[in-house]
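Q: Encoded as structure tokens, here's the structure I'll be asking about.
The values are calculated or read from the model by the stated rules, or taken from the named source; none is laboratory data. All of these numbers come straight from a predicted model, not from anything done at the bench. Positions of Cβ are generated from backbone atoms using ideal geometry, with glycine treated the same way; all protein chains shown enter the neighbour counts.
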Amino acid sequence: MNGTLMNWTLALPEIALSLSGMAILLFGVLRKEERGFLASMLAIGALLLAGVLMTATGAGHAYDGQFVVDPFSVALKLLILAGAILGVALSVDYNRAEGIGRFEFPVLIVMATVGMMVMVSAANLMTLYLGLELQSLSIYVLAAFARDNLRSAEAGLKYFVLGALASGLLLYGMTLVYGFTGTMDFVGIATGLADPAQASAGLIVGVVFILAGLAFKVSAVPFHMWTPDVYEGAPTPVTAFLSTAPKVAAMGLLLRLMVGPFGHLLAQWQGLVVLISIASMLLGALGAIGQRNIKRLMAYSSIGHMGYALIGLAAGTVTGVRGVLVYLAVYIFMSAGAFAVILAMRRGGRAVEGIADLAGLGRSDPALAMLMSVFMFSMAGIPPLSGFFGKLYVFLAAVQSGMWTLAIIGVLTSVVGAFYYVRIIKVMYFDAGETGFAARPATLSIVAAGSGLVTLLFALFAAPVIAVAEAAARALLG
Amino acid sequence: MNQVGFPLLSLITFLPLLGGAVIMSVRGDEATVAQNARWTALWTSLIVLGLSLILWWRFDPALAGFQFAESLPWLPEFGVGYRMGVDGISVLFVLLSTLLTPVCILASWEAITTRVREFMLAFLVLETMMVGMFCALDFVVFYMFFEGVLIPMYLIIGVWGGPRRVYAAIKFFLYTLAGSVLMLLALLAMWHFAGTTDMTVLLRTAFPQTMQYWLFLAFLASFAVKVPMWPVHTWLPDAHVEAPTAGSVILAGVLLKMGAYGFLRFSVPMLPQASAYFAPLMFTLSVVAVIYTSLVALAQTDMKKLIAYSSVAHMGVVTVGIFSLNIQGVSGALFQMLSHGVVSGALFLCVGVIYDRMHTREIARYGGLSDRMPAYALTFMLFMMASVGLPGTSGFVGEILVAIGALRVNFWLALLSSTGMILGAAYMLYLYRRVLFGRLTKPDLRGILDLSPREALVFAPLVVVTLWMGVYPSSFSHFFDASVAALVRNQQAAMAAPARHALLTMAGEEVVGPGSRAVSAVGSSGDAR
């Protein structure tokens, strides 16, 4: 392995972020920082630094072909960093109010982010697993971060056990793929599978196991069971974080694997992805209707959204990948914004989570209610808000590939989904409510307003975003 | 760039949003904010009305094509652009929207007392969406405005509506959304086939016949809910009854026209073969709507519900006219749409006047009002007669033209669709008798007051327009004569030409990039021209 193959500068953002994470950890230990505010600010700084470094590094393969930097990974990493920054920002005031404001929290988010960045840059099954586990282990701890809270501990444990199962499935699939192709390298697998005769049954089983393992990470049906419980039990900032960056990373990984090394097996896995997508859209739409807890509702909503994003993967074309990327880009801002509003739901020094608690918000806090309406209408896919564009581009991909069933089920479930989003707006504006919430901290206002602007005005800067997504998709499909 | 040298249509479309921003920036105690919001909204909408009068003066009725065109690249590589323009079919609807908005704002001056600022904001956003929809020349832009209307209207019904407002608002929202998403699929299929969403290109694209059928059904799902056509009209009575007066006026005056406008803008010109093929279906649904909803209207005890059902019947006449696919029918449909926009809006305002005083819409609670309210009785009578279709009012012209158009298709169609006029006279006169004539026996009605100057001001422009349209219809119809003639001519040419694409399978059954078929599609546009 010589110097040119190492090419380690390509991983500079990841290296810098890991070192910053450890530095923040040391800083926290030495300073005996209790509130975690400074550590959070440092973490945001480190994440921003990684973003800046990313624009400075070039493209290509590193570490003897185990690590790849291309427009696809850069686009996804920017989204991941954005999600992580929003996650840290959302956690500051909540954690302090709940008495869990420790400096480990931002450190864990930084480490999870490093794991996600490695995931989307993986060019080898081992790198993939390394990134995935770094991410997962950090998030297991985060989910149980409110350790004195029974529900949080339960969420962490549940996520850990089911997550370990998913990792097992993934590993098993990887060994099968390795066994049947003789390589762990994505490029090698792709060349090995170029001849359709190579697609033996054992290999297909391996691909299915890998798909199942990753479907767990994006919480797609039928591997979604952990989602509502973990979303409800975990501290709300962790839920907010869970619903943004890790979703982006897992979906990115799924895209890279499926259309990359397994691209030649499209005919074999397409039906499966279509099925997962339809099931997720249906369950996301129907499961949310009966929910009373807004975090559980968001869990079902995220299952549904991942179903829509999977439409793009099912198409398996450049348009499809582009659609997924646009969808993820608009989704993280909608989701982070909605969670900022949920975090602002505090009454009498306690966080409240019932949908009914939002009653009367339109009167007690018009600005917050208006922002929440923007997020809900956007999630329902009503133009001119950003969520509409996400759906538009994945449906376009489905129509182009002639997948009419998928498209028709997609638009119809979006109507069912609209019912519960609109119901939240109904609760805020039409129902008479109790007294308003406690004054909201500045961080939440900033995140909610910022995400709200992105969601509201997406139409104005849609063209560059779509162009970036297009370039990323072309990089992936060549 | 266009005949006025500045982006007039964009200005008309987005100026209300600026007014909305001003309203949101007002600070102070509640009464001050409310008063400022009212005046800002009124002045904004009046300025918009003034600007749209420039359209009226500078529009060249001799041209069939789009005027005041604007075009900006938006998502250029996918053939989506911000394109605006009006032709004879859409220009009068822009004017209708900009006329009704200040009327509605004035009508809610005192009726809306809670959250005035938000109400005015919602109304101005609604105006942007309506005007934008009629001006859009790009399918994606059109769809954005078409769907965007749902957001302010949902809030207007839900926040300021009557007792069952929540049910009505959600029903309205989900019904219209369910229809619209199917149109979204049609949009995507057309986009994929033609490689662009430029409506001027789509109008010249010959879609294969099988594809036309599917597209037509998708459009039908969307527009039939909006019109509304029987049997998907059931959201309308609920929405109308629960909406505040101004909401009902806009709903009846403009929102119902969006569906019929969609038929005229998309279904008929873009899918000529499918339109002819499905015309009998449309006639059947329309005739059922005319007769059935007129009979239902006869049995109503709630004034707003009665007028809501009459709207369904009148819109049935409109769809008969559109799908008769001849000049008289289409012109009549357009005229009827404009007339209905003004007249039904005014009728809802008439109901609003007595509702504001008595807080009930029960017909049985009234009677003998003409004694105490002569001016009101006169106004109500004018609009009632216009709704019935009395010669000399706007309602007559549209009805008679549609009847002639239908007669050229089929005698029975003309006969059945014209029964709406007779039944209309029955339920409207019956309503009028029960509310205004007879002895004034109810004690609480003895103190009722006639129209206030503000209310008279609200009705004045509508009275003028109704009579003007009835007495001198060609000052309106000459706007759309050229466009309608071109529409009908193209439709007939497309029917005469052999369906060259009939054997092509539906687009999208194979994986091809966008735009790959654009060249061939546009190249073969000789079919449509």
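Q: Evaluate the stretch A:330-353: report whether one residue or more is within 13 Å of chain B (Cβ to nearest Cβ), within 23 Å of A:A82 (Cβ to Cβ) and β-branched (V, I, T).
A: No.
Q: Anything in the stretch A:133-151 that is part of a helix (DSSP H, G or I) and either aromatic (F, W, Y) or within 14 Å of A:F105 (Cα to Cα) (or both)? List them, or say none.
A: Selection gives A:Q135, A:L137, A:S138, A:I139, A:Y140, A:V141, A:L142, A:A143.
Q: Name the residue that is farthest from A:I303 (Cα to Cα), counting only residues in the stretch A:398-409 that are in a helix (DSSP H, G or I) and facing chain B (nearest Cβ under 9 Å).
A: A:Q400
Q: Report yes if B:L182 is in contact with a Ser or Thr (Cβ under 8 Å, 6 or more places away or on another chain), surrounded by fewer than 24 Cβ atoms within 10 Å (Cβ to Cβ), within 12 Å of another protein chain (Cβ to nearest Cβ) and in contact (Cβ under 8 Å) with a residue 12 or more places away in the chain, otherwise no.
A: yes
Q: Let me ask something else. If the requirement is being of a type outside the set (D, E) and touching a residue at least 60 places away in the same chain (Cβ under 8 Å), which of these qualifies: A:I100, A:I85? Break it down stepwise before answering.
A: Numbers: A:I85 fails: touching a residue at least 60 places away in the same chain (Cβ under 8 Å).
Only one candidate passes the filter, namely A:I100.
Q: Evaluate the following for B:L42: is it in contact with a Pro (Cβ under 7 Å, 6 or more places away or on another chain) and at pLDDT 85 or above?
A: yes
Q: Within the stretch B:389-398, work out how many residues are buried (at least 23 other Cβ atoms within 10 Å of the Cβ) and either part of a helix (DSSP H, G or I) or in contact with a strand residue (DSSP E or B) (Cβ under 8 Å, 6 or more places away or on another chain) (or both).
A: Of the residues in the stretch B:389-398, 4 are buried (at least 23 other Cβ atoms within 10 Å of the Cβ) and either part of a helix (DSSP H, G or I) or in contact with a strand residue (DSSP E or B) (Cβ under 8 Å, 6 or more places away or on another chain) (or both).
Q: Only one of B:E77, B:E70 is over 13 Å from the mean Cα position of the chain (by Cα) and in a helix (DSSP H, G or I). Can you tell me which?
A: The conditions single out B:E77.
Q: If we keep just the residues of the stretch A:442-458 that are over 21 Å from A:Y327 (Cβ atoms) and surrounded by fewer than 18 Cβ atoms within 10 Å (Cβ to Cβ), which is nearest to the other protein chains (Cβ to nearest Cβ)?
A: A:A449
Q: Go through the stretch B:142-165 residue by residue and tally those that are more than 9 Å from every other protein chain (Cβ to nearest Cβ) and part of a helix (DSSP H, G or I).
A: Residues in the stretch B:142-165 being more than 9 Å from every other protein chain (Cβ to nearest Cβ) and part of a helix (DSSP H, G or I): 6 in total.
Q: Just need a number here: residues in the stretch A:428-441 that are surrounded by fewer than 24 Cβ atoms within 10 Å (Cβ to Cβ) and either at the interface with chain B (Cβ under 10 Å from one of its Cβ atoms) or touching a His at 6+ places or on another chain (Cβ under 7 Å) (or both). Give the steps one after another, and end with the answer.
A: From the stretch A:428-441, those surrounded by fewer than 24 Cβ atoms within 10 Å (Cβ to Cβ) are A:430-441; that's our starting set.
With the extra rule that they be either at the interface with chain B (Cβ under 10 Å from one of its Cβ atoms) or touching a His at 6+ places or on another chain (Cβ under 7 Å) (or both), the set shrinks to A:430-431.
The qualifying residues number 2.
Q: On to the next question. Quick one: in the stretch A:26-60, of everything that is part of a helix (DSSP H, G or I) and over 25 Å from the mean Cα position of the chain (by Cα), which residue is nearest to A:W8 (Cα to Cα)?
A: Filtering the stretch A:26-60 for residues that are part of a helix (DSSP H, G or I) and over 25 Å from the mean Cα position of the chain (by Cα), the one nearest to A:W8 (Cα to Cα) comes out as A:L26.
Q: Still on this structure, I have one more. Checking B:G88 against (1) under 17 Å from the mean Cα position of the chain (by Cα); (2) within 28 Å of A:L457 (Cα to Cα); (3) buried (at least 23 other Cβ atoms within 10 Å of the Cβ), only one condition comes out false. Which one?
A: (2)
For (1) within 11 Å of chain A (Cβ to nearest Cβ); (2) in contact with a Pro (Cβ under 8 Å, 6 or more places away or on another chain); (3) of a type in the set (S, T, Y); (4) closer than 24 Å to B:C135 by Cβ, each residue gets a yes or a no:
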residue	(1), (2), (3), (4)
B:L188	yes, no, no, yes
B:D198	no, no, no, yes
B:V201	no, no, no, yes
B:K226	no, no, no, yes
B:M229	no, no, no, no
B:H233	no, no, no, no
B:A239	no, no, no, no
B:A246	no, no, no, yes
B:V249	no, no, no, yes
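Q: Looking at the stretch A:157-212, which of the residues that are without any contact (Cβ under 8 Å) to a residue 24 or more places away in the chain and surrounded by 18 or more Cβ atoms within 10 Å (Cβ to Cβ) is nearest to A:P228 (Cα to Cα)?
A: The selected residue is A:F160.
Q: Okay, next question. Of the residues B:A168, B:A122, which single one is within 13 Å of chain A (Cβ to nearest Cβ), touching a residue at least 24 places away in the same chain (Cβ under 8 Å) and touching an Asp or Glu at 6+ places or on another chain (Cβ under 6 Å)? Let's see the steps before the verdict.
A: Numbers: B:A122 fails: touching an Asp or Glu at 6+ places or on another chain (Cβ under 6 Å).
From the options B:A168, B:A122, the qualifying one is B:A168.
Q: Residues B:I112, B:I105, B:I23: which one is within 14 Å of chain A (Cβ to nearest Cβ) and either under 27 Å from B:L187 (Cα atoms) or surrounded by 16 or more Cβ atoms within 10 Å (Cβ to Cβ) (or both)? Explain how you work it out, then say what you get.
A: On the way: B:I112 fails: within 14 Å of chain A (Cβ to nearest Cβ); B:I105 fails: within 14 Å of chain A (Cβ to nearest Cβ).
That would be B:I23, the only listed residue that is within 14 Å of chain A (Cβ to nearest Cβ) and either under 27 Å from B:L187 (Cα atoms) or surrounded by 16 or more Cβ atoms within 10 Å (Cβ to Cβ) (or both).
Q: Hey, B:V465 hits all of (1) modelled with pLDDT of 90 or more; (2) more than 25 Å from B:L100 (Cβ to Cβ) but one; which does it fall short on?
A: Of the numbered conditions (1) modelled with pLDDT of 90 or more; (2) more than 25 Å from B:L100 (Cβ to Cβ), the odd one out for B:V465 is (2).
Q: Right, something else. Among the residues of the stretch B:321-341, which ones are more than 17 Å from B:M282 (Cα to Cα) and surrounded by fewer than 24 Cβ atoms within 10 Å (Cβ to Cβ)?
A: The answer is B:I327, B:Q328.
Q: If A:A467 passes every condition in (1) away from chain B (no Cβ under 11 Å); (2) in contact with an Asp or Glu (Cβ under 8 Å, 6 or more places away or on another chain) but one, which one does it miss?
A: (1)
Q: For A:I100, work out the one condition from (1) surrounded by fewer than 24 Cβ atoms within 10 Å (Cβ to Cβ); (2) within 23 Å of A:L476 (Cβ to Cβ) it doesn't fulfil.
A: Every condition holds for A:I100 apart from (2).
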